[in-house]
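Asks: Sharing a structure below in structure tokens format, with a few things to ask.
No value in this document is a laboratory result; all are computed from the given coordinates. Quick caveat, the model's predicted, so the values are computed rather than measured. Here the Cβ positions follow ideal geometry from the backbone for every residue, glycine too, while neighbour counts run over all protein chains shown.
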Ligand SMILES: [Zn+2]
């Protein structure tokens with residue numbers, strides 16, 4: 001079972017991916033893998049940090065390698081934040097085919113750009129365990145530290161407004177056409193990401209007539 005999650009930054013898709021993880025899915029979140037990769041070596045740090053900090057996409061080759069390395073065909077998997085363009089989508093299709101798999105469902109978390117700016121202003125990340133919080137919408141217990149590992153929460157550099165503009169341009173020109181393609185193929189369903197996390201969760205679980213509910 002392969003579920004792909006796509007949407008603008010701040011749509012809450014990673015939060016939803018984390019909930020599906022609790023239901024027995026393996027979760028592959030490209031953004032987290034990239035951040036791990038940056039921590040691993042100075043070479044990767046140099047290569048990736050400037051790209052990420054500008055809000056641009058990393059090389060397809062690196063993104064693809066990270067997904068491939070973390071994929072295990074024995075597990076039900078959520079792929080979060082990948083593919084981001086047509087080249088990656090084509091690779092994913094062929095890769096899954098080789099593994100005897102296919103995309104079963106694409107969830108498109110859709111919300112307004114105004115809402116995106118509003119939400120990302122308050123987004124916080126735990127650098128240690130990658131848990132995501134929000135100052136207003138889902139704060140940690142004390143608003144400053146991670147509930148799980150007590151690490152101090154940070155704001156991401158790529159959440160700053162000028163970086164978001166770059167991300168948005170890339171999303172519109174490269175990622176949106178991929179989502180449209182998945183819709184044409186009948187694979188993708190839209191989840192209204194303007195609503196709160198609980199309602200979004202129920203809408204997600206009921207997508208494709210309760211497809212996810214039936215799995216575990
Ligand atoms: Zn943490």
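Asks: FRET efficiency for residue 176 and residue 114, Cβ-Cβ distance as r, R0 = 25 Å, nearest 0.05? Before the final figure, lay out each step's value.
Replies: Working: r = 17 Å, r/R0 = 0.69.
So the FRET efficiency works out to roughly 0.90.
Asks: Explain nothing, just the number: relative contact order of the range 57-166, from Cα pairs under 8 Å at least 6 residues apart, as a whole percent. Walk me through the numbers on the way to the answer.
Replies: Values: 78 pairs, mean separation 18.3, N = 110.
Answer for the range 57-166 is 17 percent.
Asks: Now for a separate question. For q = 0.10 Å⁻¹, what log10 I(q)/I(0) does the range 13-153 give under the Debye formula with an equal point scatterer on each alpha carbon and no solvent?
Replies: For the range 13-153, the Cα-only Debye profile gives -0.39.
Asks: Got a sec? How would 213, 6 order by Cβ neighbour count within 10 Å, fewest to most?
Replies: On the way: 213 14, 6 25.
Least crowded to most crowded, the residues run 213, 6.
Asks: Taking the Cα centroid of the range 167-216 and of the range 52-120, what is the distance between the two, rounded to the nearest whole Å?
Replies: The two parts, judged by their Cα centres, are 13 Å apart.
Asks: Next question. Can you sort 192, 162, 104 from fewest to most other Cβ atoms within 10 Å of each residue's own Cβ? Could the numbers behind the result be given before it?
Replies: Details: 192 12, 162 8, 104 17.
Going from sparsest to densest Cβ surroundings: 162, 192, 104.
Asks: Separate question: With 10 angstrom as the radius, rank 181, 84, 13 by how many other C-beta atoms surround their C-beta, starting from the fewest.
Replies: So the residues, fewest neighbours to most, are 181, 84, 13.
Asks: Quote the relative contact order of the range 1-102 in percent (integer), defining contacts as alpha-carbon pairs under 8 Å separated by 6+ residues. Provide the component values of the computation, followed by the final result.
Replies: Details: 102 pairs, mean separation 45.4, N = 102.
About 44 percent, as a whole number.
Asks: Using only helices, what value at 222 nm comes out for the chain when you add -39,500 (n - 2.57) per DSSP H run of length 4 or more and divide by the total residues, to the nearest 500 deg cm²/dmol? Could you put the intermediate results ahead of the total?
Replies: Values: 9 runs with 100 residues, N = 216.
It lands at -14000 deg cm²/dmol.
Asks: At q = 0.14 Å⁻¹, what is the base-10 log of I(q)/I(0) for the range 72-216 according to the Debye formula with one equal point scatterer per Cα and no solvent? Please give it to two decimals.
Replies: With one equal scatterer per Cα and no solvent, log10 I(q)/I(0) is -0.87.
Asks: Below 8 Å, C-alpha to C-alpha, sequence gap of six or more: please give me the relative contact order for the chain in percent. List each step's numbers first, then the result.
Replies: Working: 304 pairs, mean separation 60.3, N = 216.
Relative CO of the chain lands at 28 percent.
Asks: Roughly how many nanometres apart are two label points built 7 Å out from the Cα toward the Cβ at residue 50 and residue 149?
Replies: That separation, rounded to one decimal, is 2.9 nm.
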